[in-house]
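> The structure that follows is given in the form of structure tokens.
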Amino acid sequence: MQTLAHFADGGPGPWILFFPLIWAAVVIGGITLLRRTVWRGRRGPWRPAPDDNSPITVLGHRFASGEIDEDEYWRRLSVLDEQFGRTGKGGAA
């Protein structure tokens, strides 16, 4: 071990560069593991959970499944926009 620490009696050898790479791999692996397991599905205040029972969401599902046509979708959406306070077709307040 002494020969590795003093590579040719000039100090640490080039193997010392592997330590930052190993630590970077450990940190990136830990973050990746946490993102795929623990943090998956958690939502913070910056990303609220969608309300699947809201009338606008139900209307969107009905339009996507083909139960209603585009004209009926926009007509009903305009009524819901007035009732729930959304403005514009994009839903931006």
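> Residue by residue through the range 66-80, what is 3J(HN,Hα) from phi via Karplus (6.51 cos²θ - 1.76 cosθ + 1.60, θ = phi - 60°)? Round to whole Hz and write x for glycine and proline.
Per-residue couplings from phi come out as x, 5, 10, 8, 5, 4, 5, 4, 5, 5, 5, 5, 5, 5, 5 Hz.
> Pull up all non-local amide H partners of residue 13: gap of 5 or more, or a different chain, and H-to-H distance under 5 Å with H placed in the peptide plane.
Amide H to amide H, under 5 Å and 5 or more residues apart or across chains, residue 13 pairs with 7.
> Also: Using a cut-off of 15 Å between beta-carbons, work out the net charge of the residues near residue 64 (Lys and Arg +1, Asp and Glu -1, residue 64 not included).
Numbers: positive: 62, 76; negative: 52, 67, 69, 70, 72.
For residues surrounding residue 64, the net value is -3.
> For residue 37 and residue 23, calculate 0.36 nm times their separation in residues minus their Cα-Cα distance, and state this gained length in nm to one decimal. Could you put the intermediate results ahead of the total?
Working: separation 14, 0.36 × 14 = 5.04 nm, distance 2.11 nm.
Full extension of this stretch gives 2.9 nm more.
> From the phi angles alone, apply the Karplus equation (6.51, -1.76, 1.60; θ = phi - 60°) to the range 25-34 and give each ³J(HN,Hα) in whole Hz, x where the residue is Gly or Pro.
Using θ = phi - 60°, the values come out as 5, 5, 5, 5, x, x, 5, 4, 5, 5 Hz.
Every read-out reported here was derived from the displayed coordinates using simple, explicitly stated rules and does not represent laboratory data. Keep in mind it's a predicted model, so treat the numbers as computed, not measured. No Cβ is skipped: glycine too gets one built from the backbone with ideal geometry, and neighbour counts run over all protein chains shown.
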